[in-house]
Amino acid sequence: MNFTFSDEQILIRDMAERFFRDDYGLEARRRHQALPGGFCRDTWARFADMGWLALGIPEDLGGVGGGAVETAILLEAMGGGLAVEPFLSTVVLGGTLISEGASTEVRADLLPGLAAGDLLLSFAYSEAQSRHDLNDVRTTARADGGGFVLDGVKTVALHAGTADRIAVTARTSGAERDAGGITVFLVDAGAPGVTVTDYPTVDGLRAGDVTLDGVRVGKDAVLGEVDGGLDLAERAVDRAAALAAAEAAGIMAALTRGTVDYLKQRRQFGRPLGDFQALQHRAAEMYVETELTRSLAYMAAVRQDGGDPATARRAASQAKAKAGQAGRLIGQEAVQLHGGMGVTDEMPVGHYFKRLTMIDHSFGDRSYHLERLTDMA
Amino acid sequence: MDLNLTPEEFAFRDEVRTFLRASIPPAIKRKVDLGLKLVKDDYVVWQRILHERGWIAPGWPKEYGGPGWSPVQRYLFEEELAAASSPRLITFGLKMLGPVLIEFGTEAQKQRFLPRILASEDWWCQGFSEPGAGSDLASLTTRADRDGDHYVVNGQKTWTTLAQYADWMFALVRTSNEGRKQQGISFLLIDMKTPGVTVRPIKTLDGGQEINDVFLENVKVPAENLVGRENDGWTVAKFLLGHERFGIAGVARSKKQMDRLRDIAARETKRGRPLIEDARFRERMAEIEIELTALEMTELRLLSDEAAGRKPGPEASILKLKGTQVQQGITELLLEAVGNRAHVFDPGILEDDWPGAANDGPAIPEYAATVASHYFNWRKASIYGGSNEIQRGIIAKAILGL
């Protein structure tokens with residue numbers, strides 16, 4: 001048992017931190033947001049060059065191997081860098097669904113392109129009524145000839161507007177909230193009957209609603225098992241939850257650092273704000289909560305690779321629930337301790353706060369994961 | 001990064017588990033499981049069993065009698081101790097003075113005291129706090145005046161845990177008033193049988209008696225009992241408070257208390273169903289589990305740093321701060337779990353060998369008898385050893401640079 005990073009992991013961390021320090025930042029982020037699709041394709045190509053999009057993909061398919069821990073380390077840095085690129089949707093959600101659910105042929109067909117930065121993905125699993133429940137699916141997939149016909153509306157799918165392929169959950173049998181009867185399909189975003197309404201999200205990223213109107217797909221569009229797709233969908237979303245906790249930890253660290261710097265530099269009553277014990281102790285709490293979240297995020301990442309599925313699920317929920325609670329505390333405290341500056345658009349603090357808040361509402365919020373843990377215990 | 005035990009670590013854990021479970025005297029185990037009062041003999045008997053096995057001082061270097069374990073082995077040992085319902089090992093000799101003597105002691109001091117600590121022949125207590133020196137420890141005023149080959153000590157120590165059992169006290173005393181207040185402090189070993197030492201019990205809010213005032217009136221202490229240099233006791237005290245991060249989070253014991261909580265919640269009922277099936281109660285248990293797991297993983301991260309050769313730093317304050325919050329959170333849930341039975345006070349629980357509720361007394365199950373007193377008693381955890389406010393101050397200053 002050990003909790004140390006390998007040399008390779010340290011390399012990934014250092015490279016990512018350097019990139020976001022030197023080549024990203026709030027101004028770059030604003031520029032990227034204004035580009036078509038809401039992110040920077042050149043930056044995405046650089047992610048590919050640095051091997052980031054190949055993480056978790058086997059080497060014979062153009063990947064660099066590695067597992068969830070390496071990805072967590074990278075996401076921590078992306079959190080600190082406030083990246084708007086579609087990494088979670090393409091690499092984590094899409095990559096997991098294809099790696100774990102697709103046939104050998106489809107994997108060989110798609111994964112090299114994903115690693116090279118040529119393929120963007122989205123996973124449309126939620127619907128207007130479903131909140132965070134993956135099993136609450138009204139979208140239907142009717143068997144037709146050798147394939148299926150899909151009908152329904154999926155909501156708030158991360159980066160659906162720029163995705164080349166969209167994975168969707170649809171009901172092939174059973175009633176609305178049954179665990180069985182759900183199938184995951186990989187749909188071409190340009191297929192007849194697919195309409196994506198693309199919009200910005202509060203945290204500066206993009207999402208979309210996906211309408212499926214008599215969309216015909218072949219048998220080869222099925223990821224995982226027909227009627228048995230819930231497990232695959234859950235594994236992908238759990239992995240995203242664990243890794244989003246790592247991104248959140250990166251944001252928390254940046255907010256704590258930024259707040260401490262501000263307390264040292266801002267003077268009132270003739271001395272730095274950081275001299276006041278009431279504020280020192282609040283900054284100390286932010287630091288402690290950041291470290292606790294980081295610890296759980298690493299644990300959850302380790303647990304996503306192999307091992308017992310129940311342990312993986314529990315770890316993801318614990319990390320994500322913690323990220324929700326700590327994120328709310330740290331985000332609110334950071335704004336408060338920045339005073340008036342904290343509520344401006346000009347300072348990074350508000351942008352971190354918004355991303356942190358929206359992470360809580362992605363992949364199951366704190367209440368959802370607490371309830372899930374309660375059901376598991 | 002690997003959270004799985006290696007085959008060697010598994011084998012080690014099994015060896016430790018088997019020995020501890022087979023060796024713990026049932027009467028001591030019952031007291032620990034029910035949270036009953038332990039007396040000196042309970043501690044000494046158990047510590048001697050561990051000593052005979054060579055496991056009493058996991059943190060000591062091998063040449064001084066430690067077992068030579070890795071950080072992971074030490075972590076597993078703590079875990080198994082708690083799981084086996086071991087009493088807390090009394091830290092004053094084993095985790096405080098022992099390492100101090102190994103670092104600062106003379107050869108004669110090491111030879112005289114270390115073997116007796118290992119064998120639990122001397123019970124040590126800690127003479128740090130004074131009525132006027134709590135969090136601001138360096139403002140202590142107990143004086144030690146040099147008189148020939150000995151010191152004469154006058155003053156008062158307070159909150160001295162289990163001083164009623166102690167043979168010896170290690171104390172911080174003022175040997176000079178020159179310079180900064182930290183500079184005139186010395187670290188002295190005082191035989192509690194010396195004339196002029198008076199121990200007076202302080203009753204605590206739970207009705208128990210584990211802390212004391214210790215009055216020192218013209219107490220003659222041989223000069224050879226000075227540890228480190230005269231007026232350099234602050235360095236010794238800082239080493240003592242800072243070098244040990246093992247166990248300060250209390251993770252293993254909190255896990256054991258969570259087991260106890262689940263057990264009690266399975267026996268208690270709410271609306272005709274076991275309390276443990278109540279969604280709201282389960283959610284609150286899940287919340288504490290999250291914090292406990294986060295704490296455990298943070299401890300493991302710090303231990304891995306240590307294994308990689310990094311010196312323990314101020315990050316240990318996270319363990320103390322969060323560890324006590326988790327412990328206190330569990331005592332709250334335990335109290336809530338027993339419902340209005342929390343009211344019932346059986347003074348017998350404060351005595352040695354509580355036989356269980358008397359037939360003619362109030363009906364209270366054994367498992368519920370100590371829950372309220374434990375809740376009240378455990379408020380101490382966020383106060384002793386550097387209060388949580390002090391820990392936040394350390395984090396703010398030493399880590400964040402505020």
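The values are calculated or read from the model by the stated rules, or taken from the named source; none is laboratory data. Keep in mind that this is a model prediction, so the values were computed, not measured. Note that we place each Cβ from the backbone using ideal geometry, even for glycine, and neighbour counts take in every protein chain shown. Only protein heavy atoms, including side chains, enter the accessible area calculation; ligands, DNA and RNA are left aside. Shrake-Rupley method; radii C 1.70, N 1.55, O 1.52, S 1.80 Å.
At a Förster distance of 60 Å, what's the computed FRET efficiency of residue A:178 paired with residue B:103, Cβ-Cβ distance as r, to 0.05? List each step's numbers first, then the result.
Numbers: r = 65 Å, r/R0 = 1.09.
The pair residue A:178/residue B:103 has a calculated efficiency of 0.35.
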Subject >> Residue-by-residue Karplus 3J(HN,Hα) for the stretch B:327-340, coefficients 6.51, -1.76, 1.60, Hz, glycine and proline x >> reply: 4, 5, x, 5, 4, 5, 5, 4, 4, 5, 5, 8, x, 6
Original post:
Regarding the stretch A:122-228, what is the average projected area of its C-alpha convex hull, in nm²?
Top reply: 6.1 nm²
Original post:
If we count trypsin sites (Lys or Arg not before Pro) as exposed when they sit in a DSSP loop and have at most 14 other beta carbons within 10 Å, what is the longest stretch of chain B that avoids them all?
Top reply: B:311-402
**OP:** Within the stretch A:343-371, which residues have the backbone N less than 20 Å from the label spot 7 Å out from residue B:270 along Cα→beta-carbon, could you tell me?
**Re:** A:367-371
Subject >> Solvent-accessible surface ranking, highest first, for A:376, B:258 at 1.4 angstrom >> reply: A:376, B:258
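Taking the convex hull of the alpha carbon atoms in the stretch A:231-376, what volume per residue do you get, in Å³?
Details: hull volume 13.9 nm³, N = 146.
Given the Cα convex hull of the stretch A:231-376, per-residue volume reads 95 Å³.
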**OP:** Given a cut-off of 23 Å, name the pairs among A:264/B:322; A:264/B:320; B:95/B:380 whose C-alpha atoms lie farther apart than that in the structure shown.
**Re:** A:264/B:322; A:264/B:320
Subject >> Cα pair distances in chain A, grouped into 20 Å bins until the bin that holds the longest one, percent each >> reply: 29, 57, 12, 1
Subject >> Loss of accessible area when B meets A, both sides summed, Å² nearest 100, probe 1.4 Å >> reply: 3700 Å²
Original post:
Between B:127, B:51, A:87, whose Cα lies farthest towards the positive end of the dipole of the protein assembly as shown when Lys and Arg beta carbons carry +1 and Asp and Glu beta carbons carry -1, centred on the Cα centre?
Top reply: B:127
**OP:** Provide Rg and Dmax in Å for the stretch B:168-274, with only Cα atoms included in the calculation.
**Re:** 21.8, 70
Original post:
Taking the Cα-to-Cβ direction at residue B:220 and at residue B:194 and moving 7 Å from each Cα, how far apart do the two end points lie in nm?
Top reply: 1.1 nm
Original post:
Can you pull the percent of the protein assembly as shown's accessible area that's carbon plus sulfur, 1.4 Å probe, other chains left in place?
Top reply: 50 percent
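Quick one: if you take sqrt(5λ) for each eigenvalue of the C-alpha gyration tensor of the stretch A:19-129, what semi-axes come out, biggest first, whole angstrom? Numbers along the way, then the final one.
Numbers: eigenvalues 112, 57, 34 Å².
Semi-axes from the Cα gyration tensor: 24, 17, 13 Å.
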Original post:
How large is the dipole of chain B about the Cα centre if only Lys and Arg carry +1 and Asp and Glu carry -1, each at its Cβ, rounded to the nearest 20 debye?
Top reply: 500 debye
Subject >> Minimum 40 Å² accessible area buried by the other protein chains, the stretch B:354-402 residues, probe 1.4 Å, relative to alone >> reply: B:392, B:400, B:402
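What 222 nm value per residue comes from the helices of chain A, counting each DSSP H run with n ≥ 4 as -39,500 (n - 2.57) and dividing by all residues, nearest 500 deg cm²/dmol? Let's see the in-between values first.
Numbers: 11 runs with 186 residues, N = 377.
-16500 deg cm²/dmol, from helical runs alone.
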Original post:
Two-decimal Rg/Rh of the stretch B:210-361 from alpha-carbon positions, Kirkwood Rh?
Top reply: 1.12
Original post:
Working out 0.36 nm times the residue gap between residue A:375 and residue A:138, then minus their Cα-Cα distance, what length gain in nm do you get to one decimal?
Top reply: 82.9 nm
Original post:
Does anyone have the angle between helix A:104-116 and the longest principal axis of chain A? Alpha-carbon axes, 0 to 90°, nearest 10?
Top reply: 30 degrees
Original post:
For residue B:197, which sequence-distant residues (separation of 5 or more, or a different chain) have an amide H within less than 5 Å of its own amide H, given hydrogens modelled in the peptide plane?
Top reply: B:217
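For chain B, what mean projected area does the convex hull of the alpha carbons give, in nm²?
21.8 nm²
Heavy-atom accessible area per residue, chain A, 1.4 Å probe: how many Å²?
Values: 14590 Å² over 377 residues.
Accessible surface, normalised per residue, equals 39 Å².
Kirkwood hydrodynamic radius, the protein assembly as shown, all distinct C-alpha pairs: what's the number in Å? Walk me through the intermediate numbers first.
Numbers: mean 1/r = 0.0343 Å⁻¹.
Radius from the Kirkwood sum: 29.1 Å.
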Original post:
What are the ³J(HN,Hα) values, in whole Hz, obtained from phi via the Karplus relation 6.51 cos²θ - 1.76 cosθ + 1.60 with θ = phi - 60°, for each residue of the stretch A:82-98 in sequence order, with x given for Gly and Pro?
Top reply: 6, 5, 9, 5, x, 6, 4, 6, 7, 7, 7, 6, x, x, 5, 4, 6
Subject >> In Hz, Karplus ³J(HN,Hα) per residue of the stretch B:114-122 (6.51, -1.76, 1.60; θ = phi - 60°; x = Gly, Pro) >> reply: 4, x, 6, 5, 4, 8, 6, 8, 10
Subject >> residue B:283 paired with residue A:216, simple spin-label distance in nm, labels 7 Å along Cα-to-beta-carbon >> reply: 4.9 nm
